[in-house]
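Reviewing the structure listed below.
The values are calculated or read from the model by the stated rules, or taken from the named source; none is laboratory data. What you are looking at is a predicted structure, and each value in this text was computed from that prediction instead of being measured. Quick reminder, even Gly has a Cβ in these numbers, built from the backbone with ideal geometry, and neighbours come from all protein chains shown. Note: areas computed on protein heavy atoms with side chains; ligands, DNA, RNA excluded. Shrake-Rupley method; radii C 1.70, N 1.55, O 1.52, S 1.80 Å.
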Amino acid sequence: MSNRSAVFGGAGFIGTNLVYQLIEDGQQVFNFDNLSGLGNLLNIAELMQQSRHSFARCDISNPEEIRQALLMAAADTIYFCITPKNPEEESSLENFRTFFETVKEWRNGMADTKLHKIVVVVSEHYKLLGTYGKMYAGLLKLLDSYASDGLPISSLLVPPAFGPFQQPDSPISMIIYRAIEGETIPVVNPEEKVSDLVYVKDVVDAIVLVEKNGKIGGHYHLTGTTSSMSNIEAADVICDSLNEALPPPVGRYQALIEEVTTSLIASDISKDESALTILGLQNKTSLGEALKKTVSWYLNNPRWYNQSRTRFFYLWQNPETVLKIA
């Protein structure tokens, strides 16, 4: 385990959860985010006064900002937790190429650098929308090329995740938001089994495991939570958790559920599974437990929730883009 860590994308969903865990583990964390996507300063507000946490804006399309961040952190480990905004576009990896090229030049020019590992976290968030294109295959080739040039890169592919600090643009978080706000809860294809979902705390554990034991040049895949639960049953667990912790004025939250049947979203994910090493976690959180923990977190963090309601009201009128649980 390193002593100084740099997290790029550290104010986003996965990055925020990783930063909190690294600090809890005693790391000195240098947190970088350009705050133009899902990065949110409120995510890390509690950390701003901590001596083991430093935050600075950094745009990975700007080589000078990257160099300044690398000099500031002098990190043993770099965690890269940024997902392309438009993965279907040919240019989606240009900023990634800029980042790794700058890191390579910086490392080659620093004789005393202590950098021993770069962990690249690749989220399949876009799988929920059926779009991923050739981005993933292109990213693997990009990482392989920089690993062959001497960068100590390992990558981790993770399924769509949910949990604390997630904005309402994913199925689980949107259900929670809509229930709390008293809006109808569309559950798409209710009898379909939930699959390819993972609790964000398990994602963080997997990232730390890759940092500790992952081989340079290795590509790892965290599998989703095994569950026999259907979409409607998952929504029911969320509603029951809210019924207990935040009883509605009348009835139960299940009354808000509206079952919707649609054709399956065709996914165009292009990746070679044979290039991935399955990463096993011994104590992966069950789906039911993870759903209850997520509801509890939202209710116990009202300041964060109230700030993020703005995004909720922007998205709630178009739930078809986020509400398919799996």
Task: Accessible area (Å², 1.4 Å probe, nearest 10) - Lys212 - done: 140
Open item on the list: Over 26 Å between Cα atoms: which of Lys215/Lys292; Lys141/Lys212; Lys117/Lys284 fall into that group?
Closed with: Lys215/Lys292
Task: For Thr223, solvent-accessible area (1.4 Å; no DNA, RNA or ligand), Å² - done: 50
- [ ] Can you bin region 1-111 into rounded, prolate or oblate? Criterion: square roots of the alpha carbon gyration tensor eigenvalues sorted a ≥ b ≥ c, rounded for a/c under 1.5, prolate for a/b above b/c, oblate for the rest.
- [x] oblate
- [ ] Find the relative contact order for region 20-68 and round it to a whole percent, using C-alpha pairs within less than 8 Å whose residues are 6+ positions apart.
- [x] 39
- [ ] Determine the relative contact order of region 111-242: mean sequence separation of Cα pairs under 8 Å and six or more apart, normalised by residue count, in whole percent.
- [x] 32
- [ ] Taking a cut-off of 13 Å between Cα atoms, list the aspartates and glutamates near Lys114, but don't count ones fewer than 8 places away on the same chain.
- [x] Asp76
Task: Spin-label pair Arg4/Ser36, simplified geometry with 7 Å Cα→Cβ offset, distance in nm - done: 2.8
Task: Accessible area (Å², 1.4 Å probe, nearest 10) - Thr261 - done: 120
TODO: Provide Lys117, Lys284 ordered by accessible surface of protein heavy atoms (probe 1.4 Å), highest first.
DONE: Lys284, Lys117
- [ ] Using all C-alpha to C-alpha distances in region 46-118, build P(r) with 10 Å bins and read off the rounded percent in each one.
- [x] 17, 46, 29, 8, 0
- [ ] Assuming 0.890 mPa s and 25 °C, estimate D for region 14-63 with Stokes-Einstein, Rh taken as the Kirkwood radius over Cα pairs, in µm²/s.
- [x] 216
Task: Gyration tensor verdict on region 99-256 (Cα atoms; rounded if a/c is under 1.5, prolate if a/b is larger than b/c, oblate otherwise) - done: prolate
Task: Cα point-scatterer Debye curve for region 197-257, base-10 log of I(q)/I(0) at q = 0.30 Å⁻¹ - done: -1.19
